[in-house]
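Notes to accompany the following structure.
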Amino acid sequence: MPYLDHAATTPVDPRVHRRMALCMEREGTFGNPSSTHSWGRAAAALVDEAAGQVAGLVNADSAGMVWTSGATEADNLAILGAARFAANRQRGRHVISARTEHAAVLEPLQQLEREGMEVTLLPPETDGSVTADAVAAALRDDTVLVSLMHVNNETGTVHDIAGIGEVLRDHPARFHVDAAQSAGRLLIDAEGWGVDLLSLSAHKVYGPKGVGALWVRRRPRVRLEPLLFGGGQQGGVRPGTLAPHLIAGMGEACAIAAEQLPAEGPRLAALRQRLLDRLLALDAVVLNGQRDGCPHVLNLSFGCVNGDALQAELEGLGVSAGSACSSSEQGPSHVLRALGVPDALAHSSLRFSPGRWTTEADVDRAASLVAMAVERLRAFSPAWREFVQGANLVELYGVNPGRGHASKE
Ligand SMILES: Cc1ncc(COP(=O)(O)O)c(C=O)c1O
């Protein structure tokens, strides 16, 4: 059965695995990078090399790489660290973000509110994006941080990070971008776009779980309040003994991703388009997000189908259901809700996410399995009977006709 859930996580590339194995054993680079002897120096050199590889993927200065346990920690460090640093120096207490952000951003923002800061969560456009104009309109003299993701993990919607960076160019607010989903799928120019803080995760780019990075701009220097206190590693911003095998794995994964990006981006985009064409050929299917969104994420709602039953039918297929896109989320996804997708349609949505080893045959197999499941379930659906008799999705669900693209309305 095809695995089409690479936005959730990816398998480790065998080249990455080999690199990691070389770091762990007695003959390998197992030393503590903080040690001053040759074992330590070898491990520190490995970490430096990895910083260069990660920085190369996102066009950033490698000296700003802060290693974390993943993008969740990177987001927390960026948001809590930058906002508290500014607030502690009376520079302001206002933060801008969006309703469609990942929980790893929204929850630290809630924490900031508990600490007395004011958070503006921008509503998205109908395609899920937040525009540079919307950011400009929300910006205030006391805004200290703007945090927006590059690519949305549920819909694949791409934010205009360059345009938003331009809006912020002459404003002192720090600009944080969660690039966990875009790394290795789209070009990233952290330096050129005026990004101050960039979150990355290794396991989304065929690297190991348990490691990520927060890139922190050095020129001009961006300062953060740390979340952890300890041995002073990483300039005290994120102390704790570094894990050379994980970091080397992340470095290798990013180097491979950078090398493959020019060919892999268009290949994934073609697979996404193929899937979209096949599934939009079914009636009453709505695209959630942008038609030309990030090449590895496609989110569709299947009208007149019970979401629970659809999930049960497709148990063996590696796709994500839109009803609960994170382990902490109970009801329909907050992202689809923010886009105005009615709960019943959000409940019957699926996220397809092709990856490095996905073939056209995988996509075709997934499309035919989904089509068969949808047709089977519609045979029992009163809403489908109404649809066939001429009712449209607006009448059935109250869906905003200006939103997304339905195949038949
Ligand atoms: C956009 C986004 N941010 C943050 C995360 C969290 O990443 P990690 O699993 O590395 O903590 C994810 C992964 O689910 C994500 O998609």
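A count restricted to the range 9-22 and to residues that are touching a Gly at 6+ places or on another chain (Cβ under 9 Å) and open to solvent by 40 Å² or more (accessible area, probe 1.4 Å) stands at 6. A residue that is closer than 30 Å to residue 300 by Cβ, within 14 Å of the ligand (Cβ to nearest atom) and open to solvent by 10 Å² or more (accessible area, probe 1.4 Å) cannot be found anywhere in the range 111-124.
Any residue in the range 62-75 that is within 16 Å of the ligand (Cβ to nearest atom), aromatic (Phe, Trp, Tyr) and either under 31 Å from the mean Cα position of the chain (by Cα) or assigned to a helix (DSSP H, G or I) (or both)? For the range 62-75, residues within 16 Å of the ligand (Cβ to nearest atom), aromatic (Phe, Trp, Tyr) and either under 31 Å from the mean Cα position of the chain (by Cα) or assigned to a helix (DSSP H, G or I) (or both): present. Is there a residue being of a type in the set (Asp, Glu) and out of contact with any Phe, Trp or Tyr (no Cβ under 8 Å at 6 or more places or on another chain) anywhere in the range 211-232? No, there is no match, as no residue in the range 211-232 is of a type in the set (Asp, Glu) and out of contact with any Phe, Trp or Tyr (no Cβ under 8 Å at 6 or more places or on another chain). Of all residues in the range 220-241, those that are assigned to a loop (DSSP other than H, G, I, E, B) and free of Cβ contacts under 8 Å to residues at least 12 places away in the same chain total 5.
For residue 104, state whether it is away from the ligand (no atom under 16 Å from the Cβ), outside any strand (DSSP E or B), of a type in the set (A, V, I, L, M, F, W, C) and touching a helix residue (DSSP H, G or I) at 6+ places or on another chain (Cβ under 9 Å).
Values: away from the ligand (no atom under 16 Å from the Cβ): no; outside any strand (DSSP E or B): yes; of a type in the set (A, V, I, L, M, F, W, C): yes; touching a helix residue (DSSP H, G or I) at 6+ places or on another chain (Cβ under 9 Å): yes.
Criteria not met by residue 104.
Please find, within the range 163-219, the residue that is nearest to the ligand (Cβ to nearest atom) out of those that are out of contact with any helix residue (DSSP H, G or I) (no Cβ under 8 Å at 6 or more places or on another chain) and in a loop (DSSP other than H, G, I, E, B).
Taking the range 163-219 as the starting set, the residues that turn out to be out of contact with any helix residue (DSSP H, G or I) (no Cβ under 8 Å at 6 or more places or on another chain) are 165, 169-173, 182, 191, 203, 219.
Among the residues that remain, those that are also in a loop (DSSP other than H, G, I, E, B) are: 169-173, 182, 191, 219.
On the way: 169: 24, 170: 28, 171: 24, 172: 25, 173: 21, 182: 9, 191: 21, 219: 26 Å.
The residue in question is 182.
Of the candidates 88, 76, 59, the single residue that is within 20 Å of residue 335 (Cα to Cα) and open to solvent by 30 Å² or more (accessible area, probe 1.4 Å) is 76.
For the range 256-271, the criterion of being of a type outside the set (S, T, N, Q), touching a residue at least 24 places away in the same chain (Cβ under 8 Å), in a loop (DSSP other than H, G, I, E, B) and open to solvent by 10 Å² or more (accessible area, probe 1.4 Å) is satisfied by no residue at all.
With a cut-off of at least 3 residues that are buried (at least 21 other Cβ atoms within 10 Å of the Cβ) and modelled with pLDDT of 95 or more, name the helices (runs of 4 or more DSSP H) lying wholly within the range 347-409.
Values: elements: 360-378, 382-388, 393-397.
Where helices (runs of 4 or more DSSP H) fall fully within the range 347-409 and carry at least 3 residues being buried (at least 21 other Cβ atoms within 10 Å of the Cβ) and modelled with pLDDT of 95 or more, they are 360-378.
Looking across the range 23-43 at every residue that is in a helix (DSSP H, G or I) and touching a residue at least 12 places away in the same chain (Cβ under 8 Å), the one that is most open to solvent (accessible area, probe 1.4 Å) is identified as 24. Of the numbered criteria (1) open to solvent by 10 Å² or more (accessible area, probe 1.4 Å); (2) touching a helix residue (DSSP H, G or I) at 6+ places or on another chain (Cβ under 8 Å); (3) under 17 Å from residue 102 (Cα atoms); (4) not acidic (Asp, Glu), the one residue 320 fails is (2).
Evaluation of residue 218 against the conditions (1) open to solvent by 40 Å² or more (accessible area, probe 1.4 Å); (2) within 18 Å of residue 101 (Cα to Cα) shows that the sole unmet condition is (2).
In summary, residue 28 fulfils each of the numbered conditions (1) among the small types (Gly, Ala, Ser); (2) modelled with pLDDT of 95 or more; (3) away from the ligand (no atom under 16 Å from the Cβ) with the single exception of condition (2). Residues that are of a type in the set (A, V, I, L, M), within 11 Å of the ligand (Cβ to nearest atom) and not in a loop (DSSP other than H, G, I, E, B) do not occur anywhere in the range 126-141. Only a single item in (1) at positive phi; (2) in contact with a strand residue (DSSP E or B) (Cβ under 9 Å, 6 or more places away or on another chain); (3) not charged (D, E, K, R) is not met by residue 243, and it is number (1).
The values are calculated or read from the model by the stated rules, or taken from the named source; none is laboratory data. Here the structure is a predicted model, which means the values were calculated and not measured. Note that we place each Cβ from the backbone using ideal geometry, even for glycine, and neighbour counts take in every protein chain shown. Quick note on the areas: whole protein, heavy atoms, side chains included, nothing else; ligands and nucleic acids left out. Shrake-Rupley method; radii C 1.70, N 1.55, O 1.52, S 1.80 Å.
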